[in-house]
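Report on the structure given below.
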Amino acid sequence: MTIYMGEPLNINHTIGLDTLYPVIRCEIQFESILDRQRFIEAVGAVVKIVPELLCRYQVNTNSFEQVTTNCNDLIKYNVVDPDLDAENWDLMLEPQIRIYWNDRNGQTNLIIYFSHILTDGAGSKQILYLLAMAYSEGPDVLKNVHNYQNIDWLEEMLQDYQPSSVRSDHPTKPLSLPQLAKEGKQHYCVGNVCLSQKNTDRLFRASHIAKVTVNDIVMAAFGHVVQRFSGNDTISFACPADMRKFGPKVAGVQVANLTSRYNLSISTSPEESFERLVEHVHQKMLELKHEYQCFDSIKALLDNYKDQPLTKLQEIVQANYHIREIGYTNFGILDSGKLAFTGNKIKRVILTGGFRIAPMFQIAAVTYQQQLHLSFNMIGTESEYAVGLALTQSVADLINNFSLNVLFD
């Protein structure tokens, strides 16, 4: 079988597999039934561009070995509990994508799992766009599309970069949530709170007026809510950064791991006003971006990749890119023009990371069809899920109140 060599940043997601399995989850709910054959043909067109999707990952050699040529091996039909079934998905033995297709009540529901070893959130969105394009226009529309994974440009950029002398990936006071008494069985659950189009529009207008980013506001809201649970006098977050914007423009796609992280840490009282916190987050993020601090998280890995064994490289990742108990990710805008399947309308899209065992918790933000979605995956009891949902609703409420205060003060 064919073998494809990986890139250094694939190793970022090979640690802590017993705590958090490296996946990205996308759920798409349609208003009617998809054409199954057209979809299979679309998948076939996409794997020609990203053949690693048909491969198992070999961690010791950081490579992808083909295990199938049949696109049907990637799709499971009418599984009762897809998320529970996905618990048995082994990226070291099986393909790097798994698609669950369920038809119920005249509607198709897709749950697509992507390997986070193979690609990041931005790369996953590009796969979704390719699927939609090939489904809508036919597989031949992708025949000249190329995937650019090479990171020579990034390695060259980092040659002269000097990492910060302050180790910031392991904060002294990390955010956490309380452990609830275990009442009942923990199960897989997905929570979602969606801002209406009206409230999302207010958010974008308020961010413009306040001269801050939407990401600043969402991150500050999540930090503020969790801080009140943890009682910390600091808010520390790892905020993902897509490095594609630093590289050359490509005439194709970049399905790869091209994400680093900004390590944000702010001293602030839980009683500080939210408006003031947003400004603090904004100023700190400006500072980190000006210093290119996101490069701290990947510099040592790239410098040592060619000379050090895997175990040493994973130690480097643990020091600079470790899994935090409280996580935050922002998938940005999911383009509804590109994620469109001819002949069918999409009711809802949920994008999240892996399933975290409560009280671990991650919130994922994505804007689709002019609506901001705040979502989370959890392995938890009914009570833990209720707390996660209430926490997420509190984040949404803070965002809405901020927008109203900015627009109507």
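Just to be sure, is GLN107 in contact with an Asp or Glu (Cβ under 9 Å, 6 or more places away or on another chain), modelled with pLDDT of 95 or more and either of a type in the set (A, V, I, L, M, F, W, C) or open to solvent by 40 Å² or more (accessible area, probe 1.4 Å) (or both)? So GLN107 passes the test.
Against the conditions (1) of a type in the set (Gly, Ala, Ser); (2) touching a Lys or Arg at 6+ places or on another chain (Cβ under 7 Å); (3) at pLDDT 95 or above, where does GLY223 fall short? Just the number, please. Against the list (1) of a type in the set (Gly, Ala, Ser); (2) touching a Lys or Arg at 6+ places or on another chain (Cβ under 7 Å); (3) at pLDDT 95 or above, GLY223 comes up short only on (2).
Scanning the range 37-66 for residues that are under 23 Å from LEU310 (Cα atoms) and open to solvent by 50 Å² or more (accessible area, probe 1.4 Å) returns ARG56, ASN60, THR61.
If only one of LEU17, LEU34 is free of Cβ contacts under 8 Å to residues at least 12 places away in the same chain, farther than 22 Å from GLN149 by Cα, open to solvent by less than 70 Å² (accessible area, probe 1.4 Å) and aliphatic (A, V, I, L, M), which one is it? Walk me through it before giving the result.
Values: LEU34 fails: free of Cβ contacts under 8 Å to residues at least 12 places away in the same chain.
Step by step, each of LEU17, LEU34 is checked, and only LEU17 is free of Cβ contacts under 8 Å to residues at least 12 places away in the same chain, farther than 22 Å from GLN149 by Cα, open to solvent by less than 70 Å² (accessible area, probe 1.4 Å) and aliphatic (A, V, I, L, M).
A single entry from THR268, THR259, THR234, THR213 fulfils the requirement of being within 21 Å of the chain's Cα centre (by Cα) and either open to solvent by less than 10 Å² (accessible area, probe 1.4 Å) or closer than 19 Å to VAL395 by Cβ (or both): THR213. The helices (runs of 4 or more DSSP H) found wholly in the range 293-409 and carrying at least 3 residues that are in contact with a strand residue (DSSP E or B) (Cβ under 9 Å, 6 or more places away or on another chain), β-branched (Val, Ile, Thr) and crowded, with 18+ Cβ neighbours inside 10 Å occupy 382-408.
I'd like to verify a number: residues in the range 67-104 that are charged (D, E, K, R), assigned to a strand (DSSP E or B) and open to solvent by 30 Å² or more (accessible area, probe 1.4 Å), how many? Walk me through it before giving the result.
Here is the first cut: in the range 67-104, the ones charged (D, E, K, R) are 73, 76, 81, 83, 85, 87, 90, 94, 98, 103-104.
Still in the list and also assigned to a strand (DSSP E or B): 76, 98, 103-104.
Those left that are additionally open to solvent by 30 Å² or more (accessible area, probe 1.4 Å): 76, 103-104.
Of the residues in the range 67-104, 3 are charged (D, E, K, R), assigned to a strand (DSSP E or B) and open to solvent by 30 Å² or more (accessible area, probe 1.4 Å).
Listed by first and then second residue, the pairs with beta-carbon distance under 7 Å, at least 6 apart or on different chains, first residue in the range 289-313 and touching a residue at least 12 places away in the same chain (Cβ under 8 Å) and within 20 Å of GLY247 (Cα to Cα), second outside any loop (DSSP other than H, G, I, E, B) and among the basic types (Lys, Arg), are CYS294/ARG261; SER297/ARG261.
The values are calculated or read from the model by the stated rules, or taken from the named source; none is laboratory data. Since this is a predicted model, take the numbers as computed values, not measurements. No Cβ is skipped: glycine too gets one built from the backbone with ideal geometry, and neighbour counts run over all protein chains shown. The accessibility values were calculated without ligands, DNA or RNA, using every heavy atom of the protein model including side chains. Shrake-Rupley method; radii C 1.70, N 1.55, O 1.52, S 1.80 Å.
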